[in-house]
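Below: one structure, written as structure tokens.
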């Protein structure tokens, strides 16, 4: 069915409504593209931050964890 067949069978108003619907569909998809790209970038950044935080939290502690009693490797324990 051609555009002229639709125009003669359903009228100008139906043809305009269809054209507006198609244009709105295209517009929504064009607006969606940058939002999806931003979401992908955020996903990558959050993944990197998660890996960094996991690596930091998984490391062995540099010093003693118990601060109330002197540890053997500290200076206070050697002189006590």
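For segment 65-80, the candidate set comprises residues that are out of contact with any helix residue (DSSP H, G or I) (no Cβ under 9 Å at 6 or more places or on another chain) and surrounded by 10 or more Cβ atoms within 10 Å (Cβ to Cβ); within that set, the residue that is modelled with the lowest pLDDT is 77. Look at segment 8-34: where a residue is in contact (Cβ under 8 Å) with a residue 12 or more places away in the chain and on the phi > 0 side of the Ramachandran plot, no partner that is exposed (fewer than 10 other Cβ atoms within 10 Å of the Cβ) and in a helix (DSSP H, G or I) sits 6+ places away or on another chain with Cβ atoms under 7 Å.
The values are calculated or read from the model by the stated rules, or taken from the named source; none is laboratory data. A quick note: this is a predicted structure, and the numbers were derived from the prediction, not measured. Neighbour counts run over all protein chains shown; Cβ positions are idealised from the backbone, glycine included.
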